[in-house]
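Below is one structure; the comments refer to it alone.
The values are calculated or read from the model by the stated rules, or taken from the named source; none is laboratory data. Quick caveat: nothing in here was measured; it's all calculated off a predicted structure. Glycine also receives a Cβ, built like all others from the backbone with ideal geometry; neighbour counts cover every protein chain displayed. We work out accessible area using only protein heavy atoms, side chains counted, and drop any ligands, DNA or RNA first. Shrake-Rupley method; radii C 1.70, N 1.55, O 1.52, S 1.80 Å.
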Amino acid sequence: MNACSRPRILIARAVFPEIVDRLALHFEVEANAPDDIWPRAEFIRRLQGKQGVFTTGGERIDAELLAACPDLRICANMAVGYNNFDVPAMTAAGVLATNAPGVLTETTADMGFALLMAAARRVAESEHFLRAGKWDRWAYDMLIGQDVHGSTLGIIGMGRIGQAIARRGALGFGMKVIYHNRSRLPEADEAAVGARYVGKDELLKTADHVMLVVPYSKESHHTIGAAELALMKPTATLVNIARGGIVDDAALAQALREGRIAAAGLDVFEGEPRVHPDLLTVPNVVLTPHIGSATVPTRRAMAALAADNLIGYLTQGKPVTPLNPEVMAAGT
Ligand code: 8YV
């Protein structure tokens with residue numbers, strides 16, 4: 001970049017046109033209006049000479065890519081999760097990483113409850129039943145499920161979204177809320193959300209409904225597998241709104257098929273957008289295509305925050321939500 005030219009950025013996927021227009025006030029922008037999924041080599045080629053990239057959670061940023069893109073200074077994820085970023089490699093390369101926390105908390109917590117209600121009360125199964133013309137009479141046990149109100153909700157992962165789910169459960173549905181997390185919340189925070197800390201096994205054995213809200217990492221891979229499913233109640237439901245890979249999808253499909261747990265609600269999948277074929281053939285699971293944050297205001301807010309990070313950092317050295325602020329301290 002010569003001294004008087006504007007920074008150049010790449011927007012990896014299609015986003016709201018007004019966000020592209022806003023970015024274009026500050027940068028030379030290469031956008032992706034057709035929303036093509038570029039093969040990695042093409043992504044790297046398009047990143048040449050770019051100082052910033054607007055990513056959406058699906059683009060892997062690692063040491064190999066960073067070595068091939070020496071001009072890159074910031075990667076701004078339009079997602080709170082950033083398991084697509086190798087943050088230590090970015091720090092080593094002097095590249096700032098930013099994510100989009102906060103703005104999607106309540107929307108994603110709503111989706112957790114939508115899946116919980118749908119799974120426990122067999123909403124999707126009931127709809128399929130009706131559309132298939134199978135509803136010809138009332139029966140005392142037709143599509144009966146489990147209660148959500150007044151039951152015990154077990155939350156694994158107690159960050160912002162976990163706490164928003166706890167509040168909904170305790171205050172809205174009169175649930176007893178237990179949680180497990182890497183670290184226990186301060187007592188005042190536990191009281192504020194009405195949740196009690198327990199060990200993971202106790203949570204799995206006690207909860208009527210289990211909700212997963214942990215970030216994905218090597219450590220959280222298959223947090224729920226066959227052994228954990230075996231601890232759960234046969235009447236229990238499992239909801240995953242976190243990331244694919246937190247649950248062993250093959251083991252879950254088998255547990256659902258064998259009635260070892262009652263139902264599940266999944267918004268995220270191992271290897272998505274592919275879905276394990278066994279999950280597609282079991283009836284007692286509600287499947288949605290990673291729409292946890294998908295409301296108009298929230299997706300706008302996420303895109304705006306990613307844009308704010310690019311503008312803040314590349315024009316004034318002041319990002320809003322940096323993940324590795326030490327990059328700035330190092331003056332790189
Ligand atoms: C995004 C998400 O839709 O923010 C996250 O971590 O999982 C979703 O809200 C997805 O990552 C694409 O941006």
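I need the peptides 189-197, 306-314 ranked by packing, meaning the mean over residues of other C-beta atoms within 10 angstrom, with the highest value on top.
306-314, 189-197
Roughly how big is the chain's charge dipole about its Cα centre, with Cβ charges of +1 (Lys, Arg) and -1 (Asp, Glu), in debye to the nearest 20?
In total the dipole reaches around 300 debye.
In Å, what Kirkwood hydrodynamic radius results for the chain from the alpha-carbon pair distances?
One over the average 1/r among Cα pairs gives 21.4 Å for the chain.
Take each of the peptides 32-38, 75-81, 242-248, average the number of other beta-carbon atoms within 10 Å over its residues, and list them starting from the highest.
The peptides rank, most packed first, as 75-81, 242-248, 32-38.
Run the numbers for Ala329 and Asp147: contour at 0.36 nm per residue of separation, minus the present Cα-Cα distance, in nm.
Result for the pair: 60.3 nm of gain on full extension.
Length gain on complete extension for the stretch Glu219 to Ala92, per 0.36 nm per residue less the alpha carbon to alpha carbon distance?
Value of the extension gain: 43.5 nm.
Picking from Gln51, Val29, Thr107, whose Cα lies most toward the positive end of the charge dipole for the chain (charges on Cβ: Lys, Arg +1; Asp, Glu -1)?
So the residue furthest toward the plus end is Thr107.
Rank by packing, highest mean first: peptides 158-167, 287-296, with packing defined as the count of other Cβ atoms within 10 Å averaged across residues.
Order by mean packing, descending: 158-167, 287-296.
Taking the alpha-carbon distance from Lys318 and a cut-off under 17 Å, which aspartates and glutamates remain once sequence neighbours fewer than 8 residues away in the same chain are dropped?
Once the sequence-local aspartates and glutamates are set aside, what remains near Lys318 is Asp308, Glu326.
Work from the charge dipole of the range 241-332 (Cβ charges, +1 for Lys and Arg, -1 for Asp and Glu, about the Cα centre) and give the residue of Ala329, Leu279, Ala303 farthest towards its positive end.
In the range 241-332, that residue is Ala303.
Ignoring any ligand, DNA or RNA, what whole percent of the accessible area of the chain comes from carbon and sulfur when the probe is 1.4 angstrom?
Carbon and sulfur atoms account for 56 percent of the accessible area of the chain.
Mean Kyte-Doolittle hydropathy of 0.0 or higher plus an axial Cα length of 15 Å or more: which whole DSSP H helices in the chain meet both?
Long hydrophobic helices here: 105-120, 296-316.
Which whole-number percentage describes the relative contact order of the range 140-279, with Cα contacts under 8 Å and a sequence gap of 6 or more?
Computed over the range 140-279, the figure is 20 percent.
Considering the options Ala14, Asn83, Cys69, tell which one lies farthest towards the positive end of the dipole of the range 1-84, charges being +1 on Lys and Arg and -1 on Asp and Glu at the Cβ, about the Cα centre.
Value: Cys69.
Determine the per residue accessible area of the chain with all protein chains present and a 1.4 angstrom probe, expressed in square angstrom.
Accessible area per residue, the chain: 47 Å².
Quick check: residue separation of Thr315 and Arg257 times 0.36 nm, minus the Cα distance between them. What number comes out in nm?
Full-extension gain reported as 15.4 nm.
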